[in-house]
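Below is one structure, written out as structure tokens; comments come after it.
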Amino acid sequence: MRYRAEIDGLRAVAVIPVILFHAGFIQFSGGFVGVDVFFVISGYLITSIILAELEQDKFSIINFYERRARRILPVLFFVMFCCIPFAWLWLMPLDLKDFFQSIVAVSTFSSNILFWLESDYFDTAAELKPLLHTWSLAVEEQYYIFFPLFLMMLWGKGKRVILGALVLIFLASLSLAQWAAYNAPSANFYLLPTRGWELLIGVFAAFSLQQEKYKLLPEKLNNLLSILGLLLVLFSIFIFDSTTPFPSLYALIPTLGTVLIILFAKNGTLVQQLLSRQFFVGIGLISYSAYLWHQPIFALVKYRSFTEPSHWLMLSLCIAIVALSYLSWRFVEVPLRNKQTYSRRFIFTSGGVLTVAFAMTGLLVDANQLYKSNDADSNLMVKSYQPDNRQLGANSWSQLRTLSGNKDYGVDKNSYDRTQWFDTKDDRKRLLIVGNSHSKDIFNVLTSSVITQRQFQIARFGTQIGNIDETFYRSPNYLLADVVMFASQYKPADLIELETIVTRSIADNKKLILVKNIYEFEEFGQRTYADFLFHLLLKERGGNNVSSLDITKINQKHFEQFSDREFKQFTLQANMTLIRLGDKYPTVRVLDRMDYVCNKRKQLCYAINDDYQKYFYDYGHHTVAGATFFGERVDEVKWLESI
């Protein structure tokens, strides 16, 4: 097919916002749509090549996969290889375990499935995964497996049949994406069934450009439509943000904009002239390398930082990424595409060997728990200080996992749904704690409270508040409970359902407690605010006398932050909703966790103790040590006195 410089320029329009979005430049709040632009471009280019070869009866599936291997594997494997030593040196054990699991998934082009199971793309924890961005490569590779075979099987039946089938698949995929955007957002973001329609838009562009009518349109119309396309893409980049349901019908804006550019940015149009300029074409040529390099560099820098990296640092990294991308394009990508220098046998053999080698390395590290042997932050191992917040978070579930007998017990997994936890022969009141991971914190705190244990039997029902349904109302622990406590970091979906839940529970003769959203202390990558302050104290001492640090300063700083900074706007709104419900319904009591976390008289918010045990493993979740201490604080401040 004829080379189109403007398509390389369009790649630049896709990759630059992605990089700047991940660098934290809020002006590019919708920069993630660059991936959607890439999907459309890929669908168009791959289909154009396949159609041309099918029409000439020259298409070979082996040739197709060879081209894909030459394009994708060399620099991908090079970046993975470069990441391993830095990950080994810098990542905490559980994060290192996740990294090597991702090495296996990337090698088998299933990383989108792994990251779907692990996290939300927009979570802070997710952005610190060095290979998170490979989810989009996995989507494309899964598409490449099926699409050529689909065309080959239906080619003899004619283009009308092929297009009819593709339209049905497109509508099904788009409909599924629209539904999943609100009902299964993580799966929607990562998986091929809800992303396939974006690639198919590019497929339709390839079929359309085979029609003579697209070659005969007047220049003014081509100009108008291609400019409209560019404006749609730019609108998405600057207006969308992490709250935009995506992909959904909203994703039609950047994808249709991309198609308009592909179809109508013909020679002589303003958009074609703009995108064909040397700057855009140059960035477009190295866009694949740039995409691969940017995420591990950003993730590892943020991971090691005890402060939020400055914009100047991130901008410097962006420049470094461009330079590094040029080098990997020049000395890795381009040479390996040369069939005269590197034969098909070499590409397939070396690709296969490296795929197996990376996968086996990841499996061996995981299976033998070698990730536990790395000594990241060993210089901070003083007294009982634990720098690995992932481990502290995992430990905080230990009591519930032991009680349930379920090693996978988590936010929405509750072994007590059909199991009666309360003892009907016990005269104490029955308190059921309901909610997400914050209800786990309250459970751990109250089971550490001597006074509460005298008053109540305690059980927990794990769920997002907005997901409560008849399963909850029919559960034996709800039916037996005298008091039901809802504890969560309430989200919009929770608040929409909350009053209905309150009125239903009141009708069931339950006394209710609503626990406010907790104040969110600052985080720095995987580090808590306490980590940051602890690190500063260590630097002040120059590594000397670290066993006698004045941790009161750390707790004072937490109080200052709590006192001086406003709550996040939504947290404030959520807490006001709870207060309104407490005023409206006499049997509803509203409690604030900050009453036991902080001591206003002493001007302290307790975040660490004299043994350097932290009380939070992130912005507000309690560690085991924190829950034990806060259990004593609950008694001290008489948190449940009037219940």
Between a residue in the range 54-75 that is on the phi > 0 side of the Ramachandran plot and any residue that is of a type in the set (A, V, I, L, M), which pairs come within a Cβ distance under 7 Å, given they are 6 or more apart or on different chains?
none
Quick count over the range 479-502, residues being farther than 25 Å from residue 622 by Cα, part of a helix (DSSP H, G or I) and in contact with a strand residue (DSSP E or B) (Cβ under 9 Å, 6 or more places away or on another chain), is 3
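Residues checked against (1) assigned to a loop (DSSP other than H, G, I, E, B); (2) modelled with pLDDT under 90; (3) in contact with a Leu (Cβ under 9 Å, 6 or more places away or on another chain):
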| site | (1), (2), (3) |
| --- | --- |
| 376 | yes, yes, yes |
| 379 | no, yes, yes |
| 382 | yes, yes, yes |
| 407 | yes, yes, no |
| 416 | yes, yes, yes |
| 440 | no, no, yes |
| 444 | no, no, yes |
| 453 | no, no, yes |
| 459 | no, no, yes |
Need at least 3 residues that are surrounded by fewer than 16 Cβ atoms within 10 Å (Cβ to Cβ) and of a type in the set (A, V, I, L, M) per element, so show me which helices (runs of 4 or more DSSP H) inside the range 171-264 make the cut, counting only ones lying wholly within it.
219-239
Identify, from the list 86, 115, the residue that is assigned to a helix (DSSP H, G or I) and within 22 Å of residue 367 (Cβ to Cβ).
115
Please go through the range 257-290 and give me each residue that is under 11 Å from residue 10 (Cβ atoms), of a type in the set (Gly, Ala, Ser) and out of contact with any Ser or Thr (no Cβ under 6 Å at 6 or more places or on another chain), ordered by number.
257, 276, 284, 287
Look through the range 223-247, keep the residues that are of a type in the set (S, T, N, Q) and modelled with pLDDT of 95 or more, and return whichever of them is nearest to residue 49 (Cα to Cα).
226
Residue ranges of helices (runs of 4 or more DSSP H) in the range 552-639 with at least 2 members assigned by TED's automatic domain parsing to the domain that holds residue 537, over 29 Å from the mean Cα position of the chain (by Cα) and among the polar types (S, T, N, Q):
552-564
Of the criteria (1) in contact with a Phe, Trp or Tyr (Cβ under 7 Å, 6 or more places away or on another chain); (2) touching a residue at least 60 places away in the same chain (Cβ under 8 Å), which one residue 263 fails
(2)
Check whether at least one residue in the range 338-350 is outside any helix (DSSP H, G or I), in the same structural domain as residue 19 (by TED's automatic domain parsing) and either within 16 Å of residue 76 (Cβ to Cβ) or touching a Pro at 6+ places or on another chain (Cβ under 8 Å) (or both), and report yes or no.
yes
Quick check on the range 139-156. Is at least one of its residues in contact (Cβ under 8 Å) with a residue 24 or more places away in the chain, farther than 28 Å from residue 72 by Cβ and surrounded by 14 or more Cβ atoms within 10 Å (Cβ to Cβ)?
no
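Residue-by-condition table, conditions (1) touching a Lys or Arg at 6+ places or on another chain (Cβ under 6 Å); (2) surrounded by 16 or more Cβ atoms within 10 Å (Cβ to Cβ); (3) more than 29 Å from residue 527 (Cα to Cα):
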{"residue": "70", "(1), (2), (3)": "yes, yes, yes"}
{"residue": "74", "(1), (2), (3)": "no, yes, yes"}
{"residue": "103", "(1), (2), (3)": "no, yes, no"}
{"residue": "107", "(1), (2), (3)": "no, yes, yes"}
Checking residue 333 against (1) more than 20 Å from residue 15 (Cα to Cα); (2) acidic (Asp, Glu); (3) part of a helix (DSSP H, G or I), which test does it fail?
(1)
I'd like to check something: does the range 466-473 contain any residue that is closer than 20 Å to residue 592 by Cβ and among the hydroxyl-bearing types (Ser, Thr, Tyr)?
no
Of 109, 147, the only residue that is in the same structural domain as residue 301 (by TED's automatic domain parsing), outside any helix (DSSP H, G or I), of a type in the set (A, V, I, L, M, F, W, C) and closer than 28 Å to residue 44 by Cα is 109
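The values are calculated or read from the model by the stated rules, or taken from the named source; none is laboratory data. Since the model is a prediction, treat every value here as computed from it, not as a measurement. All Cβ positions, even for glycine, are placed from backbone atoms using ideal geometry, and neighbour counts span all protein chains on display.
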